[in-house]
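Each reported figure results from applying straightforward, stated rules to the coordinates on display, with no laboratory input. All values reported here derive from a predicted model rather than from experimental measurement. Heads up, the Cβs are rebuilt from the backbone with ideal geometry, glycines too, and the neighbour counts pull from every protein chain shown.
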Amino acid sequence: MIINFILNGEEVNFDAYPGETLFELLRRYHHYEVKGNNCKTGECGACTVLIDDKPIPSCTFLVGKVIGKKVTTIKGFGDIDNPDLIQKSFVEEGAIQCGYCIPGIIISVENLIKKNPNPTRDDIKETLSSHICRCTGYVQQIEAVEKVIKKIKEGK
Amino acid sequence: MLKNVKKCFYPENLDECLKLLNDFKENGDIVGGGVDIVWRERKELEYLIFLDKLNLNYIKSDDEKILIGAATTLDELEKIDILNGSFRKAIKSVATPILRNVMTVGGTIVRGYSWSDILTIFITLEGKVKIYDGDENVFSIDDFLKYKKNSKKKFILTEILLPNYKNFYHFSYIRFTRTASDIPLLNEGILLKLNGKKVEKANIILGGRPGFPVHLNKVEENLLNKELNIDLINYLKEVASNTSEVLDDMRLSMDYRKNLSGVLTKRNLIKILEEI
């Protein structure tokens with residue numbers, strides 16, 4: 001079946017199997033920036049993408065539900081040459097080690113700051129609770145998010 | 001990947017949806033959020049029926065009730081501001097933010113897993129469900145679970161109804177689990193109607209026992225027409241531990257669950273006592 005949706009701002013038409021997930025579809029079309037599929041239950045959060053501005057684990061989202069939606073992967077925010085503020089902050093604070101979980105975390109954080117420009121530490125922790133990171137212990141990630149918020153407030 | 005799925009359908013009305021269900025029998029199913037369908041990878045599933053064109057994603061309210069469309073995701077439920085924010089807190093305790101963005105309230109209730117947080121929350125709050133099986137029927141959630149088990153008719157859950165709780169009602173919910181996204185080892189919801197500190201009505205529901213949620217009848221009886229205070233709460237903790245109908249499973253022993261039911265009862269009642 002042909003699936004039509006907006007991917008990182010561009011309209012795409014992908015040929016999909018009716019029983020596959022958005023994660024499987026994106027990987028088949030070489031969007032390797034979507035990491036994960038190790039849990040296949042939405043528990044680890046590594047494969048998170050934005051679907052109509054909500055962070056959603058793409059491994060649980062069937063392609064039949066994607067038609068006409070707006071999908072944003074980590075590439076929609078920035079890349080290694082042009083990282084956005086959150087990506088820069090994660091690098092500066094040492095919040096990235098193996099990097100496997102980071103695309104999903106960045107997407108959830110982008111959504112948090114868009115919805116709530118002044119989140120508390122508890123709000124940040126709740127957002128990160130969607131994601132499993134086995135390297136950092138989350139402390140640097142919380143600090144990276146707080147740094148972004150400070151920078152935004154200072155207008156940097 | 002659901003390897004045997006051949007086609008997706010997008011019915012435009014309930015009759016069309018019901019016809020598809022009846023035609024496909026066990027080879028077809030409705031997709032709510034899809035989390036459960038993807039996870040279970042049922043081999044017999046060949047046809048997926050999506051509800052996107054049925055406009056079942058809404059929350060409406062009037063003075064007496066709140067109507068929730070079956071395709072409403074759990075994160076949308078966080079917007080319902082009743083019971084001094086306790087309902088919102090209860091919903092926010094379920095799973096993780098990204099899973100709440102995809103799980104639907106109708107899908108969760110239809111699956112009817114005995115450990116479901118949503119079942120315990122909605123049974124505690126005396127929620128009802130509206131289904132369409134050719135006729136429109138409204139059931140309490142308990143009756144719906146019996147209907148689902150016993151009836152051979154195909155149906156579509158279309159709406160969930162909650163009373164629009166105002167003053168005098170207080171609610172608290174606790175889930176005991178290892179991690180946020182894990183299924184609860186035990187969960188408990190308490191709804192009290194209070195006149196001052198005097199209890200006029202009590203719903204105490206224990207779920208994840210691991211059987212379906214049940215009332216803690218003895219605790220409810222011992223609460224009625226009494227003043228809520230710390231001595232009573234300590235006594236009810238013992239009553240809950242001694243009378244809760246819980247079982248062993250591979251995750252937790254019966255003894256542990258019995259003690260835990262007392263602890264959850266105490267914590268829930270203290271939360272309500274602190275609120276009044």
Scoring region B:59-163 by relative contact order with C-alpha pairs under 8 Å, at least six apart, yields a percentage of 31 percent
If the chain between B:E238 and B:E44 were fully extended at 0.36 nm per residue, the gain over the current Cα-Cα distance would be 65.1 nm
If one compares the long axis through the Cα atoms of helix B:230-243 with the longest principal axis of the Cα atoms of chain B, the angle in degrees, nearest 10, works out at 50 degrees
With +1 at each Lys and Arg Cβ and -1 at each Asp and Glu Cβ, the charge dipole magnitude of chain B around its Cα centre, to the nearest 20 debye, comes out at 500 debye
Honestly region B:7-51 on the Cα gyration tensor test (a ≥ b ≥ c root eigenvalues; a/c under 1.5 rounded, otherwise a/b vs b/c for prolate or oblate) is just oblate
The size of the Cβ-based charge dipole (Lys, Arg +1; Asp, Glu -1) of region A:85-154 about the Cα centre, to the nearest 20 debye, is 100 debye
Two pseudo-spin positions, 7 Å from Cα along C-beta at B:E126 and at A:L85, lie apart in nanometres by 4.9 nm
So the pair-distance distribution of chain B, from every Cα-Cα distance in 5 Å bins, comes to percents of 1, 6, 12, 16, 17, 16, 13, 9, 5, 3, 2, 0, 0
If the chain between B:V263 and B:I230 were fully extended at 0.36 nm per residue, the gain over the current Cα-Cα distance would be 10.5 nm
Projected onto the charge dipole of the protein assembly as shown (unit charges on the beta-carbon of Lys, Arg, Asp and Glu, signs +1, +1, -1, -1), the Cα from A:G78, B:F144, B:P184 with the largest positive-side position is that of B:P184
Quick calc: nm separation of the 7 Å Cα→Cβ label points for B:K3 and A:I6 -> 3.7 nm
Mean per-residue count of partner chain Cβ within 10 Å for B:2-15 equals 3
Only helices counted: for chain B, with every DSSP H run of 4 or more residues adding -39500 (n - 2.57) and the sum spread over all residues, [θ] at 222 nm is -10500 deg cm²/dmol
At R0 = 25 Å the Cβ-Cβ FRET efficiency linking A:Q97 and B:T179, nearest 0.05, sits at 0.75
Most exposed to least, judged by fewest other Cβ atoms within 10 Å, A:C39, A:C135 sort to A:C135, A:C39
Expressed as a whole-number percentage, the relative contact order of chain B with C-alpha contacts under 8 angstrom and at least six residues apart is 15 percent
Across B:37-49, the residue-averaged tally of Cβ atoms belonging to other chains within 10 Å stands at 3
Cα-Cα pairs in the protein assembly as shown separated by more than 41 Å, as a whole percent of all pairs, come to 20 percent
Ordering A:27-33, B:100-106 by per-residue average of other C-beta atoms within 10 angstrom, highest first, gives B:100-106, A:27-33
About its Cα centre, region B:59-163 carries a charge dipole, from +1 on Lys and Arg Cβ atoms and -1 on Asp and Glu Cβ atoms, whose size in debye to the nearest 20 is 480 debye
So for R0 = 25 Å, FRET eff. of B:D23-B:Y113 from the Cβ-Cβ r, to 0.05, ends up at 0.40
Inter-chain shielding metric for A:57-67, i.e. average beta-carbon neighbours from other chains within 10 angstrom, reads 6
Both in Å, the radius of gyration and Dmax of the C-alpha trace of region B:59-163 are 13.2, 41
With the charge dipole of chain B built from beta-carbon charges (+1 for Lys and Arg, -1 for Asp and Glu) about the Cα centre, the Cα from B:I30, B:N84, B:L2 projecting farthest to the positive end belongs to B:L2
